[in-house]
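Colleague: Sharing a structure, written as structure tokens. Questions coming.
None of the figures in this text is laboratory data; all of them are computed from the coordinates on show. Keep in mind that what you see is a predicted model, and the values were worked out from it rather than measured. Every residue, glycine among them, receives a Cβ derived from its backbone with ideal geometry; neighbour counts consider all protein chains shown.
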């Protein structure tokens, strides 16, 4: 049992209830080239944290960094598929994440989260400017499309933040960031992550300043 979760008050009972499944419909082609539904049901590739109540994710699909296969019926996100937490250059991952209230995370939340996600490199990449502002701070080499499906989430960046509600969209361009749920209910977000070539924040800053230099 993780410290801080042994005796959750009644206030948090609804917030940390079981994660609802994600219905997934996958289309394809038959041998005559006609469009068909290959699968229609709960997405089989899902994960729930053993240490953070209410935290978990479902991956409906991913693509590798090579020509996309539209011919076979192979399930790219089957229950036993090996899917990384963050995409490599050219890979894409569609992920639906449930964020519980910040109040239910354990004391060493940053260590617990990124150990479970195998994401310590991403945590380290984001912590230089984080200054301990939030345990979710990280940075990935990707461009991410994020949509709030339910609940409320605050996006925290190096120097500012903004609160998001259902229907709001974030275009995350390899920036250091954190997701904070300051409410008493779970929030659900959909992410489409597209891996890009590695570029540090410092190299991006250099490119920006070089472009603005006289004679550039």
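Colleague: How large is Rg over Rh for region 173-216, taking Rg from the Cα atoms and Rh as the Kirkwood inverse mean of 1/r across Cα pairs?
Modeller: Values: Rg = 16.8 Å, Rh = 14.1 Å.
Rounded to two decimals, Rg/Rh equals 1.20.
Colleague: Residue 72 to residue 108: extension gain in nm, 0.36 nm per residue of separation minus the Cα-Cα distance?
Modeller: Roughly 8.6 nm would be gained on extension.
Colleague: Which peptide among 58-64, 113-119 comes first, and what is the full order, when sorted by highest mean count of other Cβ atoms within 10 Å? Before the final figure, lay out each step's value.
Modeller: Values: 58-64: 19.3, 113-119: 16.6.
The most tightly packed comes first, giving 58-64, 113-119.
Colleague: What value, in deg cm²/dmol to 500, does the helix sum -39500 (n - 2.57) over DSSP H runs of n ≥ 4 give at 222 nm once divided by the residues of the chain? Could you put the intermediate results ahead of the total?
Modeller: Details: 3 runs with 31 residues, N = 216.
Estimated from H runs of four or more residues: -4500 deg cm²/dmol.
Colleague: Another question, then. Once fully extended, how much extra length lies between residue 157 and residue 169, figured as 0.36 nm per residue of separation less the alpha-carbon to alpha-carbon distance?
Modeller: Working it through step by step, the gained length comes to 2.8 nm.
Colleague: Over the alpha-carbon set of the chain, divide Rg by the Kirkwood Rh and report the Rg/Rh ratio to two decimals.
Modeller: On the way: Rg = 19.1 Å, Rh = 18.9 Å.
Ratio of gyration radius to Kirkwood radius for the chain: 1.01.
Colleague: Using a 10 Å cut-off on Cβ atoms, rank the peptides 151-159, 93-101 from the highest mean neighbour count down. Please report the intermediate quantities before stating the final value.
Modeller: Values: 151-159: 17.6, 93-101: 22.3.
Packing order, densest peptide first, comes out as 93-101, 151-159.
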